[in-house]
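Laboratory data are not the source of any read-out in this text; all were calculated from the coordinates shown. On a predicted model such as this, the values are computed, not experimentally measured, just so you know. Methodologically, a virtual Cβ is constructed for each residue, glycine included, from the backbone with ideal geometry; neighbour enumeration extends over all protein chains shown.
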Amino acid sequence: MSRMLVTGNAAAAWGARLARADYVPAFPITPQTEIIETLGGWIEAGELDARMVTLDSEHSMLTAAGAAAATGVRVFTATSSQGLLYAMEMIYTVAGWRAPFVLANVSRALAAPITLEPDHNDVLAARDSGFLQLHAATCQEVLDLTLLAYRLSEDEGVRLPIIVNLDGFYLSFTREPVQIPEPSAVDAFLPAFDPGGLGFSASRPVSQAVAVLGGGPYSYFRYEMHEAARNALAVFDQVAADFGDRFGRHYSPVESYRCDDAEIAFVMMGSFATKAKDAVDQLRDAGQAVGLVRPRMLRPFPDQALRDALVGRRGVAVIDQNLSMGLGGVLHTELSAALCGVPNAPVLASFVGGLGGRDIGASEFFAMVDVAREAARSGMPPVPRLLYTRSELREMRKLQGIAAAERAAAGQPGDGA
Amino acid sequence: MSESHYRHMKDLPSTHLLGAGTAMCAGCGGLQAVHEVYDVLGEKTVFVNAAGCMTLLSVYPFTPFRGSWLYTSMASAPAGAQGVRDALDLLVAKGRLPANDDLQVVVLTGDGAAYGMGLSSTSGAIDRGLDFIYLCYDNEGYANTGQQSSPATPHAAHTATDSGVLGHPGFKKDLFGIWVANRPAYAATVIGTEPLDLARKIERAKDMRGPRLILALAPCPSGWGFDPGEMAEIGRLAVRSGVWPLKEYDDGRVVHTEIRRPRVPVEEYLVRQERFRHLFEPERNDAELSAIQARIDAYWECVD
Ligand SMILES: Cc1ncc(C[n+]2csc(CCOP(=O)(O)OP(=O)(O)O)c2C)c(N)n1
Ligand code: SF4
Ligand SMILES: [Mg+2]
């Protein structure tokens, strides 16, 4: 075991390397590209016995990934944002092939307007696809969750592909100390891929992904996927326990931080949750009973673990780094469903923040606690809020002013904004 | 060039590999071509399919293929072939699959996928020199969705989306030319109604490595509007009129494998199909008919 200072992208590449991925279909996109470049470098140097192929698009990349997994090799691939959306038809399709593999998604906000910085709308677009989802908050987690993901994905009770999500820039390009496990220890944890019933060969012809006629067989196969995804809850616990025994790092589907006696809890996913942790520490220092609940797993949805973590809190501030247009925060909606009808469920306050990489400041965490506390006192959920400061709005108005002036200078009619 | 096994009709395979009782229409020229191709390729194949009529060949729990099958999507069958080919190579190289268990990877799509939506993934497969056969059954439209115009629809044909008096305003794209311009291992046009020519070309392609195109004109009774019993005649007329040139690209050269002289006037081919009826009724459209004839003549002038 060695300790190295690596980026989140390099940690994802290490995950694929230690998992001895055979095949890496690839396509470049910021901020993911460093992952495939790192793997490509190792393959060139003979340090990784794998084949990497650059496809014409992410749609093709996902097709090749699923097809290779369905033929019986271990596959790793990676994308971000527009790439994930470009591949979306195949994200759903290959999940239905029940071909296990791992996809690292480096979260980046979606166009339009186009940007490079992160939020979770990209990965949430894959929410209902049949891919399971694990969300990392540190570079160490990126590596470890990738290894866990292979075991989980290939488990015979699961057999579904998995997305390991890491936030662009905040994780992808941030160097953190990471324990790189010994290859032999990883081999013992993660044996060679057993294709089971998958694979095409002359002596064993197989028809994969054939059409069905009618809703009967269709419903059967789709519900079977759902049940496999639900199985992954128990399998994750077993796999994570084995991982913990071997490597000394313990992962639960939901991380609870300083929650035992917390009256108020934040709920959020991904690397921005480390900001919430800092705020929790400061609030604890000031004598406030505040904690953080962070789902590492989004699919399957760890509803029982979330109920266990949240029932008993008085108020909860759910911070969604995503926005479902016309509804609001996705995590807030899913938590509301998980807590619906549960006795002593806390009141939820919904916040949307961190869109397009916008920072969330400590003072905002403090203010959210106040809102959650007031909601708990009154028993009334507050109106959902976007985290946005007055000074940001002033800056925005300035930009709009400049845009209007530019238009006027170009002789175009202004819109008055 | 080695001698072909297929010199006379009696040399063609007499046992047929593809099972009967599929969901294809009676008189389907595409299915005829798939039958003939499969007989020569044999069962050590995996067909990687894109959305289209042939997707309904394999409907759970039945398949007419003795070998393997993978349905992908409309746009990405060549990328599916890439994944399967690479995985088979890796498994053989790493000793996880015996070499004699290896398979020929065959992409099977319609023209809509081959000429249009799937062109990006096809282009990538050619760029990478992927070792595969691309079998396109060209029924000149999006048949599975009701014969709307595709990039392979011929000029003036009536389709579900071009139903006006002029028919389809565009011109059929030259997919064979696109492939040839990128120097594949092999490319050929075929038609099921010329089984000897088809068998020789598949035989040739079968033992090569690299990207290989088999482009089959697929007379389609439902989409083109003719009686299923007339399929063979329509197919023969497509070749005799010169509408569908039979050719192959091999070793850097394009060679026509059948040159008919004299050619049958194209009218004889057109008049038998509902999709061209408006060129004859209620009035003959002489201008359009002679323009179509002139384009065919111009093509063959460059060949002759
Ligand atoms: C992405 C996508 N868009 C549209 C369709 C609907 N669709 C299914 S088959 C088909 C036509 C395909 O045309 P072609 O490749 O010529 O095959 P044919 O139907 O003629 O056999 C279409 C448009 C689809 N399956 N996928
Ligand atoms: S619509 Fe045409 S191509 Fe499709 S099955 Fe029927 S005859 Fe064949
Ligand atoms: Mg078609």
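Measuring from label point to label point, each 7 Å out along Cα→Cβ, what is the A:S336 to A:R377 span in nm?
Roughly 2.4 nm, to one decimal.
Let me know the charge dipole size of the range A:254-386 about its Cα centre in debye, to the nearest 20, where only the beta-carbon of Lys, Arg (+1) and Asp, Glu (-1) is charged.
In total the dipole reaches around 160 debye.
Please report the Cα spread of the range A:66-138 along all three principal axes, rounded to whole Å, starting with the longest.
The principal-axis extents, from largest down, are 39, 28, 18 Å.
Where the Cα atoms of the range B:63-121 are projected onto their three principal axes, how long is each span, largest first, in whole Å?
Largest first, the range B:63-121 extends 38, 27, 13 Å along its Cα principal axes.
Give the value in nm², to one decimal: projected area of the alpha carbon convex hull of the range A:168-208, averaged over all directions.
Taking a quarter of the hull surface, the average projection is 6.1 nm².
Return one number: the angle in degrees, 0 to 90 and rounded to the nearest 10, between the long axis of the Cα atoms of helix A:215-247 and the longest principal axis of the Cα atoms of chain A.
Roughly 80 degrees, rounded to the nearest 10.
Working from Cα positions, state the angle (0 to 90°, nearest 10) between the long axis of helix A:330-339 and the longest principal axis of chain A.
In chain A, helix A:330-339 runs at an angle near 90 degrees to the longest axis.
Would you kindly calculate the translational diffusion coefficient of the range A:248-398, applying Stokes-Einstein with the Kirkwood radius from alpha carbon pairs, for 25 °C and a viscosity of 0.890 mPa s, and quote it in µm² s⁻¹ without decimals?
The diffusion coefficient I find is 157 µm²/s.
Can you order the peptides B:179-186, B:226-233, A:275-282, A:29-36 by their average number of other Cβ atoms within 10 Å per residue, highest first?
By packing density, highest mean first, the sequence is A:29-36, A:275-282, B:179-186, B:226-233.
Sticking with the crude label model, points 7 Å out along Cα→Cβ, report the distance from A:A125 to B:A181 in nm, one decimal please.
3.1
Which three numbers, in whole Å and largest first, are the semi-axes of the equivalent ellipsoid of the protein assembly as shown derived from its Cα gyration tensor as √(5λ)?
55, 31, 22
Just to be sure I understand the curve: with the Debye formula and one point per C-alpha of the range A:241-317, what is log10 I(q)/I(0) at q = 0.13, 0.15, 0.19, 0.26 Å⁻¹?
Taken in order of the listed q values, log10 I(q)/I(0) reads -0.40, -0.53, -0.81, -1.20.
Give me B:M54, A:M396 ranked fewest to most by other Cβ atoms within 10 Å of their Cβ, as a rough exposure proxy.
A:M396, B:M54
Report, as an integer, the average count of C-beta atoms from other chains found within 10 Å of each Cβ along A:193-206.
6
Could you give the dipole magnitude of the protein assembly as shown about its Cα centre, charging the beta-carbon of Lys and Arg +1 and that of Asp and Glu -1, in debye to the nearest 20?
So the magnitude is around 440 debye.
Going toward the positive end of the dipole of chain A, with +1 on Lys and Arg Cβ and -1 on Asp and Glu Cβ, which of A:L213, A:A67, A:G361 do you reach last?
Of the listed residues, the answer is A:G361.
At a 10 angstrom cut-off on C-beta neighbours, averaged per residue, how do the peptides A:158-165, A:85-92 rank from highest to lowest?
Answer by packing, highest mean first, reads A:158-165, A:85-92.
Be a star and scan the range A:217-260 for residues whose amide nitrogen sits under 12 Å from the point 7 Å along the Cα-to-Cβ vector of A:D278.
No residue qualifies, since no backbone N sits under 12 Å from the label point.
Report relative contact order for chain B in percent, whole number only (criteria: Cα-Cα under 8 Å, sequence separation at least 6).
Once divided by the residue count of chain B, the mean separation gives 17 percent.
How tilted is helix A:390-409 with respect to the longest principal axis of chain A? Cα atoms for both, answer in degrees (0 to 90, nearest 10).
Helix A:390-409 sits at roughly 80 degrees to that axis.
Roughly what % antiparallel, to the nearest 5, for the DSSP beta bridges in the range A:254-386?
25
Let me check against my output: what whole-number percent is the relative contact order of the range B:16-68, with C-alpha pairs under 8 Å and at least 6 apart?
Answer for the range B:16-68 is 53 percent.
Kindly provide the pair-distance distribution of the range B:1-121 built from C-alpha pairs, with 5 Å bins from 0 and whole-percent values in order of increasing distance.
Spelled out bin by bin, the range B:1-121 gives 2, 10, 18, 19, 19, 15, 11, 5, 1, 0 percent.
Compute the distribution of all C-alpha to C-alpha distances in chain A, in bins of 10 Å from 0, and list the percent of pairs in each, rounded to whole numbers.
The calculated distribution, bin by bin, is 5, 21, 30, 24, 13, 5, 1, 0.
For Cα pairs less than 8 Å apart in space and 6+ apart in sequence, what is the mean separation divided by the residue count of chain A, i.e. the relative contact order in percent?
Reported as a whole number, the value is 15 percent.
What FRET efficiency would be calculated for the residue pair A:D49, A:D237, taking the C-beta separation as r and a Förster radius of 30 Å, to the nearest 0.05?
0.40
Provide the gained length on full extension for the span A:D187 to A:R230, in nm with one decimal, where the gain is 0.36 nm per separating residue minus the Cα-Cα distance.
12.8 nm
Could you calculate the FRET efficiency of B:A26 with B:S290 from 1/(1 + (r/R0)^6), where r is the beta carbon distance between them and R0 is 30 Å, rounded to 0.05?
0.30
Taking the Cα-to-Cβ direction at A:D370 and at A:D261 and moving 7 Å from each Cα, how far apart do the two end points lie in nm?
2.5
Can I get the semi-axes of the range B:3-303's equivalent ellipsoid? Compute them from the C-alpha gyration tensor as square roots of 5 times the eigenvalues, in angstrom, largest first.
32, 20, 19
Just A:F366, A:F173, A:F101 to compare: in a GNM of chain A, with alpha carbon springs under 10 Å, which one fluctuates most?
A:F366
Tell me, what is the FRET efficiency for B:R253 and B:A298 to the nearest 0.05, using R0 = 22 angstrom and their Cβ-Cβ distance as r?
E(calc), rounded to 0.05, equals 0.55.
Quick one: which residues, 5 or more positions from A:H135 or on another chain, have an amide H under 5 Å from its amide H? H modelled 1.01 Å from N in the peptide plane, none for Pro or chain starts.
The list, which skips near neighbours in sequence, is A:N165, A:M297, A:L298.
Across peptide A:47-60, how many C-beta atoms of other chains are within 10 Å of each residue C-beta, on average?
5
Nearest 500 deg cm²/dmol is fine: what mean residue ellipticity at 222 nm does chain B get from its DSSP H runs of n ≥ 4 alone, each adding -39,500 (n - 2.57), divided by its residue count?
-9000 deg cm²/dmol
Could you sort out which of B:K44/B:K206; B:K172/B:K206; B:K44/B:K247; B:K206/B:K247; B:K10/B:K247 sit more than 20 Å apart by Cα distance in this structure?
Too far apart for the 20 Å limit: B:K172/B:K206; B:K44/B:K247; B:K10/B:K247.
Counting only other chains, and only Cβ atoms inside 10 Å, what mean value do you get across the residues of B:4-14?
Neighbouring Cβ atoms belonging to other protein chains average 0 per residue here.
Rounded to the nearest 5, what % of the DSSP beta bridges within chain A are antiparallel ones?
Roughly 25 percent of the beta bridges in chain A run antiparallel, per DSSP.
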